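Notes to accompany the following structure.
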Amino acid sequence: EAKNSELKNPHGYDTAQSAGLFGMEIQGATIIFAVNLKRILKLLNEKE
């Protein structure tokens, strides 16, 4: 639940920014990539 909430609230995954299925797919992939990158960076910083 918390992971889905993080995608929807601060990153705007709940509403489409462009029309069409392709635009929605690109938006979804970009948001998921960004959230995963944030998690990876957070884990790397915790190791140090």
Q: Looking at (1) assigned to a helix (DSSP H, G or I); (2) at pLDDT 75 or above, find the lone condition where Ala19 falls short.
A: (1)
Q: Filter segment 15-44 for residues that are loosely packed, with under 11 Cβ neighbours inside 10 Å and among the β-branched types (Val, Ile, Thr) and give the result.
A: Thr15, Ile40
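The values are calculated or read from the model by the stated rules, or taken from the named source; none is laboratory data. If you're wondering where the values come from, they're calculated on a predicted model, not measured in any experiment. No Cβ is skipped: glycine too gets one built from the backbone with ideal geometry, and neighbour counts run over all protein chains shown.
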